[in-house]
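The values are calculated or read from the model by the stated rules, or taken from the named source; none is laboratory data. Fair warning: this is a prediction, and the values are worked out from it, not measured in the lab. Glycine gets a Cβ as well: all are built from the backbone with ideal geometry, and neighbour counts include every protein chain shown. Just the protein is used for accessible areas: all its heavy atoms, side chains included, with ligands, DNA and RNA removed. Shrake-Rupley method; radii C 1.70, N 1.55, O 1.52, S 1.80 Å.
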Amino acid sequence: MKKNISLFIVFLFIFSGSIYPQNAQDLRIDTPVSGNLGRGQEVWYSVRAPRSGFLTVETTGNIDTFLEAYDSHRNLITDDDDSGEGHNAKIDIVVAAGRTYLFKLKGFSDSVSGPFYISASVRPFPNPIELRFGNPVSVNMSPGQEFWYRVRTGNSPLIVTVETSGNAVDTYMEAYTDTYELITSNDDGGEGYNAKIELITEANKTYIFKIRGYNREESGRFTLAANFAAVPQGTGNTIRSMAVPIRPGEVINVFIREPYESRWFRFDVTRTADFAVQTRGNMDTMLFLYDSQGNQLDDDDDSGEDYNALISIRLNPGTYFIEVKGFSDNTGRFTLHAETR
């Protein structure tokens, strides 16, 4: 029995070596380390944060590197391919003073090999600028520059939208809590190459936004704006039995909070008529139409403008149900329009 346990431990040690590194190299803050990566090789580094803030670990050199960041319990935090210069990897994470973090370095593919440098640095949390609702600001970005703003909510939950506009810069945006926990990020959610983030926020909270160029070479002027809207009513209508009534000619605000989530609506037709229902907005939506017994009558993905859904059908008197959701795992806000003709 002891022999079997020993063999199991040896087996676990061998096959968990890439997950539970036994010989991680110490990577000191502001002290670059050189190395030579072999094909298919993985190299682990251990970084102890001397103070709280943003920890940056990045490689430099001419090989295509890939980095993964783990906490002290070996939970994956994030990974990166090409956020550094050229094909180098670069990771920024929030760290707490005195805690140890692990980084796994490898080539982007098993064929990658060659010399590299890896370094770690810590910078303090920024002091974000206040971004007021309805007051756009003009920003002039230099290469490699980043900007931090904060938005404060009022006495009720809101849908907060922060977005860039302009044609000179391909912007990238990240949203954080007031303790710098990453909420979400966005590249081209706005018009063109502009970034846009929509959040359902809590009352009396501060949210922080970081804006930078998509790559380190981006520069130019853009406009940054924050706006808000009330959280739509009837957000519990995620199943057919909770369908919200909608009348012909009515426009309803809809917010899909979670990937693959549905919103359900019910309408009554009193006479035979041509009925049309459609979505409008910047989200890729899908529509499904059912009769009172739950039989699907029609569905649509992109018959409307700009990836919006549209169903047009002739209906007899009766009760009908509309299911609307994002295409694939899309989330966001849009409006639902219904009318008879």
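Are any residues in the range 91-101 among the hydrophobic types (A, V, I, L, M, F, W, C) and touching a Lys or Arg at 6+ places or on another chain (Cβ under 7 Å), and if so, which ones? Residue satisfying the conditions is A97 alone.
Within the range 105-144, how many residues are of a type outside the set (F, W, Y), open to solvent by 70 Å² or more (accessible area, probe 1.4 Å) and assigned to a loop (DSSP other than H, G, I, E, B)? Final tally of qualifying residues: 8. Residues of the range 191-248 that are hydroxyl-bearing (S, T, Y), open to solvent by 40 Å² or more (accessible area, probe 1.4 Å) and within 18 Å of the chain's Cα centre (by Cα): Y193, Y214. Looking only at residues of the range 92-104 that are in a strand (DSSP E or B) and either of a type outside the set (A, V, I, L, M) or open to solvent by 60 Å² or more (accessible area, probe 1.4 Å) (or both), we find that the one that is nearest to R216 (Cα to Cα) is D92.
Here K104 meets each of (1) at pLDDT 95 or above; (2) of a type in the set (K, R); (3) out of contact with any Leu (no Cβ under 8 Å at 6 or more places or on another chain) with one exception, condition (3). Scanning the range 283-334 for residues that are assigned to a strand (DSSP E or B), open to solvent by 30 Å² or more (accessible area, probe 1.4 Å) and touching a residue at least 60 places away in the same chain (Cβ under 8 Å) yields K325, R333. Within the range 60-91, the set of residues being closer than 15 Å to A120 by Cβ and open to solvent by 60 Å² or more (accessible area, probe 1.4 Å) comprises T60, I77.
Any idea which residue in the range 46-59 is nearest to S113 (Cα to Cα), counting only those that are assigned to a loop (DSSP other than H, G, I, E, B) and open to solvent by 10 Å² or more (accessible area, probe 1.4 Å)?
Across the range 46-59, the extreme among qualifying residues is P50.
Going through Y176, Y149 one at a time, which residue ends up being touching a Pro at 6+ places or on another chain (Cβ under 6 Å) and surrounded by 19 or more Cβ atoms within 10 Å (Cβ to Cβ)? After applying the criteria, what remains is Y149.
In the range 201-233, what residues are among the aliphatic types (A, V, I, L, M) and at pLDDT below 95? Selection gives A203, A229, A230, V231.
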